Amino acid sequence: MKIGALREISAGESRVALTPDSALQLQKLGHACVIEAGAGEKAGFSDAAYTAAGVDVLASAHAVFETVDVVVKVRAPEPAEAAMLREGQTLISFFWPAQTPELLEFCREKGATVIAMDMVPRISRAQKMDALSSMANIAGYRAVIEASNHFGRFFTGQITAAGKVPPAKVLVVGAGVAGLAAIGTATSLGAITYAFDVRPEVAEQIESMGAQFVFLEFEQAQDGAATGGYAAPSSPEFREKQLAKFRELAPEIDIVITTALIPGRPAPKLWTQDMVEAMRPGSVIVDLAAERGGNCDLTVPDEKVVMENGVTIIGYTDFPSRMAAQASTLYANNIRHMLADLTPSKDGVIVHNMDDDVIRGATVTHQGAITYPPPPPKVP
Ligand code: NAD
């Protein structure tokens, strides 16, 4: 089959869904690859690099849609892109079907098969295709780098002839994939790192990354733990305890990285205005939950704001795109693994096996039907 990647047209998006390396892997599966001219440029992959990897470079998105069986991209398609889909064509990209019902219906009407990378079930076998995790890992890392860029001091403590420098104190709120990556980055830069999560089972992971788990004294342990490894909303009593603990920590903490999310809900507000006001000048907050409303009361999505007391709050929502080369490499690998599972005989023939938990879970339209939401996976 022919696989083609588009140049992303969303403002500020620098990633690309196919790299020269992933194209070589796809060719080993029996596929031919094409790319829209300039698609990899912002991620550091030139058209010449694609050509050297055996990829045909086509002049326009239109030419890609005309030519290929499978379109791969990063962002959910814009209306103009979805309009170019053909019957029987497959699109693989982030799609967010719960938030884009009209786009979903439009793709169904077009007769296209859509595989949503954000719907890949989070089971062990699918980890190699888990683009949410690969991008969250980058976001967590980049959040710390971005914080350090705005923080006017070292992370690591030093005693030099010029004086004694205390280590920075970092608090990570939410220890999922992004939070753990942030912890690893902050500790490797030498900060004293604390982390909090409502799921008590992550305490061990937090400690193994070199951070201290912020423990709350509460009768039912951390009560926001839910089934399936995700968090549920906390009780008002628990939330009060949590906020009281953060209020106590705020004057001491130099950098706060918040990543707390609850599936299907707005981000919980955990870093309140009075906590921001209690922080020292020069402190930095990076709110990785900004796109879902933010964990901090004062976050402005996509902006960096400096408060009157000299605290910087960063609400960027494009951290993976800010590391476009790395993000594209990992995302293109996730896509390549998805295509490997769709090509079981490695003969360039795609078999869309709806009995496969991973393929079924990620498929949101197929053969003229909306197939979202999927049934729960059979294998945990
Ligand atoms: P997420 O992005 O949904 O949430 C981030 C974190 O915020 C979670 O750890 C959550 O517990 C925490 N949180 C929610 N409310 C909070 C609050 N009030 N205070 C503090 N923290 C709060 O999480 P994620 O990174 O997508 O990971 C969720 C789960 O999925 C984890 O258990 C992870 O290990 C699991 N996972 C499994 C796989 C796999 O098996 N393939 C892949 C990735 C993640």
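Here, each number is a calculation from the coordinates, and none is a lab measurement. Note that this is a predicted model, so its numbers are computed, not measured. Here the Cβ is made from the backbone with ideal geometry for all residues, glycine too, and neighbour counts use every protein chain on show.
Using the Cα centre of the chain as the reference point, and only Cβ charges (+1 on K/R, -1 on D/E), how large is the resulting charge dipole? Debye, rounded to the nearest 20. Walk me through the numbers on the way to the answer.
Working: 32 positive and 44 negative charges, 122 e Å.
Charge dipole, the chain, about its Cα centre: 580 debye, nearest 20.
Just to check, using Stokes-Einstein with a Kirkwood Rh over alpha carbon pairs, what's the diffusion coefficient of segment 225-356 at 37 °C and 0.692 mPa s in µm²/s?
The Stokes-Einstein estimate is 187 µm²/s.
Given a cut-off of under 8 Å on Cα pairs at least six residues apart, what relative contact order in percent is computed for the chain? List each step's numbers first, then the result.
Values: 819 pairs, mean separation 71.2, N = 380.
The normalised contact order for the chain reaches 19 percent.
Between Q27 and S208, what FRET efficiency comes out of the Förster formula 1/(1 + (r/R0)^6) with R0 = 35 Å and r the beta carbon distance, rounded to 0.05?
Efficiency for this residue pair is about 0.35.
In Å and whole numbers, how far do the C-alpha atoms of the chain stretch along each principal axis, longest first?
Projected onto its principal axes, the Cα set of the chain covers 62, 48, 34 Å.
Evaluated at 37 °C with a viscosity of 0.692 mPa s, what Stokes-Einstein diffusion coefficient in µm²/s does segment 153-217 have when Rh comes from the Kirkwood expression over alpha-carbon pairs?
269
By counting other Cβ atoms within 10 Å of each Cβ, how are F238, F95, F154 ranked from fewest to most?
If I rank by nearby Cβ atoms, fewest first, I get F154, F238, F95.
What spacing in nm lies between the two simple spin-label points modelled at H352 and A98, each 7 Å away from Cα in the Cβ direction?
Going by the 7 Å Cα→Cβ label model, 2.4 nm.
Any idea what log10 I(q)/I(0) is at q = 0.12, 0.22 Å⁻¹ for segment 314-379, Debye with uniform C-alpha scatterers and no solvent?
-0.47, -0.96
Residues with amide H under 5 Å of L58's amide H, sequence separation 5 or more or different chain, H placed in the peptide plane at 1.01 Å from N; which?
When sequence neighbours closer than 5 places are left aside, the close amide H contacts are I35, E36, A37.
Which is farthest toward the positive dipole end of segment 1-152 among V70, S10, V120, measuring Cα position about the Cα centre, with Cβ charges +1 (Lys, Arg) and -1 (Asp, Glu)?
Going by the Cα projections, it comes out as V120.
Report the full-extension gain for the segment A59 to A232: residue separation times 0.36 nm, less the Cα-Cα distance, to one decimal in nm.
Here the segment from A59 to A232 would lengthen by 57.5 nm.
What longest region of the chain stays clear of GluC sites (Glu not before Pro) that DSSP places outside H, G, I, E and B and that have at most 11 other Cβ atoms within 10 Å?
My reading of the result: 88-216 is the longest stretch.
How many angstrom separate the Cα center of segment 285-324 from the Cα center of segment 116-143?
21
Between 0 and 90 degrees, rounded to the nearest ten: what's the tilt of helix 177-188 against the longest Cα principal axis of the chain?
50
Å³ per residue of the Cα convex hull, for segment 92-174?
Cα convex hull per residue, to the nearest whole number: 151 Å³.
Count the lysine pairs in the chain that are 8 or more places apart or on different chains: how many have C-alpha atoms under 27 angstrom apart?
27
Segment 96-228: D in µm²/s via Stokes-Einstein (Kirkwood Rh, Cα pairs, 20 °C, 1.002 mPa s)? It would help to have the intermediate numbers written out before the result.
Values: Rh = 17.6 Å.
The calculation lands on 122 µm²/s.
Return, ordered by residue number, the residues of segment 146-182 whose backbone nitrogen is under 19 Å from a label point located 7 Å along Cα→Cβ of M307.
Inside the label zone: 147-153, 169-174.
Counting pairs of Cα atoms in segment 19-131, how many percent are more than 25 Å apart?
In whole percent, the long-distance tail amounts to 26.
Helix 324-342 versus the longest principal axis of the chain: what angle, 0 to 90°, nearest 10, using Cα atoms?
Its long axis makes an angle of about 50 degrees.
Find out how many positive minus negative residues lie around A83, taking Lys and Arg as positive, Asp and Glu as negative, among other residues whose Cβ is under 15 Å from that of A83.
With Lys, Arg at +1 and Asp, Glu at -1, the net is -3.
Points 7 angstrom from Cα along the Cβ direction at D297 and T67: gap in nanometres?
Output for this residue pair reads 5.5 nm.
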